[in-house]
Amino acid sequence: MKRMVGVVAGAAVIVFWPAAAPAQAPMEQEFGRHLFPPELVMQHQQRISLAPEQRGAITSAIQELQAKVVELQWELQAETQKLAELIQQPSLDETAVLAQLDRVLSRERQIKTAHVALLVRIKNTLTREQQAMLKALREGAPPGGPGVRPPG
């Protein structure tokens, strides 16, 4: 059992090699500045005067994401286990390992794509004023900037 855990951890190191992280971090930070996670919208729904229709649309989008991602997570776990089994062999079939890695990365890409799609839907549901207020709230500035009053 300990050996299998070590193999899976080794597979995770291969799949999620830290050398790729610095290249992704600035891009993800840039996205984060312009998109709004559901938790932020929920936390400030009264301050931004979120309409019931907007809340319903965001709730539906979250539910769709959850249903989709749960299935993808199951698939990702299964594909990761297959990769772990492949790499524990004394001699590796490079073609098979790389093909399996592609399947793992494909599931990860699908999960990330689903998350970004949710963030896009949320942003498109919000008015420009609500977006500006959320940016200000997230950055700790007064909502709307100096002299701008929240709607409502």
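Return yes when Leu105 is farther than 30 Å from Gly56 by Cα, touching a residue at least 40 places away in the same chain (Cβ under 8 Å) and either touching a Phe, Trp or Tyr at 6+ places or on another chain (Cβ under 7 Å) or not β-branched (Val, Ile, Thr) (or both) and no when it is not.
Values: farther than 30 Å from Gly56 by Cα: yes; touching a residue at least 40 places away in the same chain (Cβ under 8 Å): yes; either touching a Phe, Trp or Tyr at 6+ places or on another chain (Cβ under 7 Å) or not β-branched (Val, Ile, Thr) (or both): yes.
Here the answer is yes, as Leu105 does meet what is asked.
Among Glu71, Glu129, Glu85, which is the only one that is closer than 22 Å to Glu53 by Cα, acidic (Asp, Glu), surrounded by fewer than 16 Cβ atoms within 10 Å (Cβ to Cβ) and modelled with pLDDT of 95 or more? So that I can check it myself, show each step before the final result.
Details: Glu71 fails: closer than 22 Å to Glu53 by Cα; Glu85 fails: closer than 22 Å to Glu53 by Cα.
Criteria check complete, one pass: Glu129.
Within segment 88-126, can you find the residues that are of a type in the set (S, T, N, Q), assigned to a loop (DSSP other than H, G, I, E, B) and surrounded by fewer than 15 Cβ atoms within 10 Å (Cβ to Cβ)? I'd like the intermediate steps shown before the answer.
Filtering segment 88-126 down to residues of a type in the set (S, T, N, Q) leaves 88-89, 91, 95, 100, 106, 110, 113, 124-125.
Checking which are assigned to a loop (DSSP other than H, G, I, E, B) leaves us with 88-89, 91.
Gln89, Ser91, listed by residue number.
The values are calculated or read from the model by the stated rules, or taken from the named source; none is laboratory data. Just so it is clear, the model here is predicted, and its values are computed rather than measured. Cβ sites come from the backbone with ideal geometry, for glycine too, and all protein chains shown count toward neighbours.
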